[in-house]
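Report on one structure; see the data block that follows.
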């Protein structure tokens, strides 16, 4: 026995409220991030991730207040991402109570941001979000490219090279989202995760495409992910965290129960 | 009863104060003021990040004396970096002298795991802690319970007698150490849900005697 694979529910936030809806069995979607986070905490989630999909500076302040409120109610690790552009942004989120901060587009614009943030706050709290899409290569030897703007804008950067570069710069973890699979419910891109996991020595969170509990299992067994992130399958009450863990345990995966 | 949570400007220290308040602490101060540390009845020394920054921040805030005094005489809880800083020396940042309360060094995980493949660093997530000794801080916590870890370096004490708990990640390492009025954990009790909160609650009622 040893380290457990983690299950991380992910919540989209806009203007300090959880959007797209979260429906627990006994409450209607209230959009209240504190209440939702507390529910997941009690339900056995191993971490919680909030991704801010808003963009304005006013919303940043709202996000800081939200993180403060959530951090006061939850006793598991909390990751916050979306729109983090500077070392000052990272500091604000950590001071508000985030345990980790996910950096995405800003790292592509300025790769030194990751190194600076890791140097200042430690690698353990710097997550780099890798949004990748299949691009070129062959079915047997696929290539993936980093995309920005929700998968619309190519960067010409090879995803595996990028992941390695970010880990070398000090990222403590990679949050890998397949832009091909995101929202499709067809499962993770396990070939992508496996290739990155083999190449990069820091933990990898698989994201994008979960449609059922077996996708989580495959994410670990085939994709070699250290943690699996999912949104809709948990939010809409299709499956509980406990069911997900039971399914993973049945497949021989070590989980915290 | 005042509990001082040492704030030396590194990372998310307030979550420790929040968790202590949640389990019933009334008077928690998050502080970098040496006088408040000296006046507190209990001291919690949390932290994450790099040991060089940690030690230089402690020097800059003139916290070394107050800390050393607290370590010598009052119930003291070190968390993560706060555990590593209790040792003689860390190999991080090309070698840094630490507080030296316990003899031993802090080493990178690769020294433990060697070339084993598939061992990701940092060691991040929920791992089991085997209790190596009875201690009031383990009260009500099952042996083998999982706690949340996130670290790239581990503590290698000279004396096995101070090891209070171990975990396994490519090899066995000290997850908790302690002696007399000092207890320290590599994991984060403030991020470890029920068992972590229980450990913090135990700390609040602990009289500072190591034997149970």
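Can you name the number of the only condition in (1) touching a helix residue (DSSP H, G or I) at 6+ places or on another chain (Cβ under 6 Å); (2) under 23 Å from residue A:171 (Cβ atoms) that residue A:213 fails?
All conditions pass for residue A:213, except number (2).
Taking the stretch B:140-190 only, how many residues are away from chain A (no Cβ under 14 Å), crowded, with 22+ Cβ neighbours inside 10 Å and under 26 Å from residue A:119 (Cβ atoms)?
3
Does residue B:74 satisfy being in contact with a helix residue (DSSP H, G or I) (Cβ under 8 Å, 6 or more places away or on another chain), at pLDDT 95 or above, more than 14 Å from chain A (Cβ to nearest Cβ) and surrounded by fewer than 24 Cβ atoms within 10 Å (Cβ to Cβ)?
In short, no.
For the list (1) in contact with a strand residue (DSSP E or B) (Cβ under 8 Å, 6 or more places away or on another chain); (2) within 14 Å of residue A:199 (Cβ to Cβ), I need the number of the one condition that residue A:165 fails.
(1)
Suppose we filter A:86, A:56, A:65 for residues that are modelled with pLDDT under 90 and either touching a helix residue (DSSP H, G or I) at 6+ places or on another chain (Cβ under 9 Å) or surrounded by fewer than 22 Cβ atoms within 10 Å (Cβ to Cβ) (or both); which single one remains? Walk me through how you get there before you give the answer.
Details: A:86 fails: modelled with pLDDT under 90; A:65 fails: modelled with pLDDT under 90.
That would be A:56, the only listed residue that is modelled with pLDDT under 90 and either touching a helix residue (DSSP H, G or I) at 6+ places or on another chain (Cβ under 9 Å) or surrounded by fewer than 22 Cβ atoms within 10 Å (Cβ to Cβ) (or both).
Quick one: how many residues across the stretch B:112-130 are free of Cβ contacts under 8 Å to residues at least 12 places away in the same chain and either closer than 13 Å to residue B:153 by Cα or buried (at least 19 other Cβ atoms within 10 Å of the Cβ) (or both)?
Residues that pass the stated criteria total 1.
Evaluate the stretch B:6-15: report whether one residue or more is within 24 Å of residue B:193 (Cα to Cα), away from chain A (no Cβ under 14 Å) and modelled with pLDDT under 95. It would help to see each step written out before you state the result.
First, pick out the residues of the stretch B:6-15 that are within 24 Å of residue B:193 (Cα to Cα): B:6-7, B:10-15.
Those still in the list that are away from chain A (no Cβ under 14 Å) too: B:6.
Going one step further and asking which of them are modelled with pLDDT under 95, we end up with B:6.
Scanning the stretch B:6-15 turns up at least one residue that is within 24 Å of residue B:193 (Cα to Cα), away from chain A (no Cβ under 14 Å) and modelled with pLDDT under 95.
Can you name the number of the only condition in (1) within 14 Å of chain A (Cβ to nearest Cβ); (2) over 15 Å from the mean Cα position of the chain (by Cα); (3) closer than 23 Å to residue B:84 by Cβ that residue B:47 fails?
It is condition (2) that residue B:47 fails.
Restricting to helices (runs of 4 or more DSSP H) lying wholly in the stretch A:176-241: which have 2 or more residues that are crowded, with 22+ Cβ neighbours inside 10 Å?
Of the helices (runs of 4 or more DSSP H) lying wholly inside the stretch A:176-241, those with at least 2 residues that are crowded, with 22+ Cβ neighbours inside 10 Å span A:190-199, A:213-221.
Regarding residue B:30, is this residue closer than 22 Å to residue A:119 by Cα, within 18 Å of the chain's Cα centre (by Cα), within 14 Å of chain A (Cβ to nearest Cβ) and modelled with pLDDT under 95?
Considered against the rule, which asks whether it is closer than 22 Å to residue A:119 by Cα, within 18 Å of the chain's Cα centre (by Cα), within 14 Å of chain A (Cβ to nearest Cβ) and modelled with pLDDT under 95, residue B:30 comes out as no.
Within the stretch A:97-120, can you find the residues that are at the interface with chain B (Cβ under 10 Å from one of its Cβ atoms), farther than 18 Å from residue B:148 by Cβ and buried (at least 22 other Cβ atoms within 10 Å of the Cβ)?
Answer for the stretch A:97-120, where residues must be at the interface with chain B (Cβ under 10 Å from one of its Cβ atoms), farther than 18 Å from residue B:148 by Cβ and buried (at least 22 other Cβ atoms within 10 Å of the Cβ): just A:118.
Restricting to the stretch B:94-110, and then to whatever is within 21 Å of residue A:171 (Cα to Cα) and touching a residue at least 24 places away in the same chain (Cβ under 8 Å), can you tell me which residue is farthest from the other protein chains (Cβ to nearest Cβ)?
This residue is B:107.
The values are calculated or read from the model by the stated rules, or taken from the named source; none is laboratory data. All of these numbers come straight from a predicted model, not from anything done at the bench. Here Cβ is always computed from backbone atoms with ideal geometry, including for glycine, and neighbour counts include all displayed protein chains.
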